[in-house]
1. With an 8 Å cut-off on Cα pairs and a minimum separation of 6 or more residues, tell me the relative contact order of the chain in percent.
2. What residue among 52, 36, 20 has the largest mean-square fluctuation in a Gaussian network model of the chain, using Cα springs under 10 Å?
3. Please list 65, 31 from largest to smallest accessible area, probe radius 1.4 Å, with all protein chains kept in place.
4. So if each residue of separation counts as 0.36 nm, and I subtract the Cα-Cα distance between residue 27 and residue 42, what length gain in nm does that give?
5. Counting only heavy atoms of protein chains, what accessible area per residue, in Å², does the chain have with a probe of 1.4 Å?
6. If you line up the long axis of helix 52-71 against the longest principal axis of the chain, both from Cα atoms, how many degrees apart are they, to the nearest 10?
7. Please report, as a whole percent, how much of the solvent-accessible surface of the chain comes from carbon and sulfur atoms (probe radius 1.4 Å).
8. Can you give the angle from 0 to 90° between the axis of helix 23-32 and the longest principal axis of the chain, with both taken from C-alpha atoms, to the nearest 10?
Amino acid sequence: MLDGVELERRGLPTAAMITDEFRPTALKMLENQGADWYPFVEVEHPINIRNDEELRAMAEASVEEVVRLLTGN
């Protein structure tokens, strides 16, 4: 996520994804970096137990939000 923040600061749109389990950690990390403005996409935790079809469904459900983050639309 911090790579995404740095790229955004350089003017390159990014779309970081995290699982909901790590939201508190992500928010604290962003606060510590002075980047509480940085948006991210959340998916349901955990992902390591998901099969290919479940992961594909999660990715497809996130596409619109990722596009919004990348394009500002």
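1. Taking the mean separation of contacting Cα pairs over the length of the chain, I get 34 percent.
2. Ranking 52, 36, 20 by mean-square fluctuation puts 52 first.
3. 31, 65
4. Working: separation 15, 0.36 × 15 = 5.40 nm, distance 1.20 nm.
Extra length from residue 27 to residue 42 when fully extended: 4.2 nm.
5. Numbers: 5270 Å² over 73 residues.
So the chain comes to 72 Å² accessible per residue, rounded to a whole number.
6. Here the helix axis deviates by roughly 30 degrees.
7. 51 percent
8. The angle comes out near 10 degrees.
The values are calculated or read from the model by the stated rules, or taken from the named source; none is laboratory data. Here the structure is a predicted model, which means the values were calculated and not measured. Heads up: the accessible areas ignore ligands, DNA and RNA and are worked out on the full protein's heavy atoms, side chains in. Shrake-Rupley method; radii C 1.70, N 1.55, O 1.52, S 1.80 Å.
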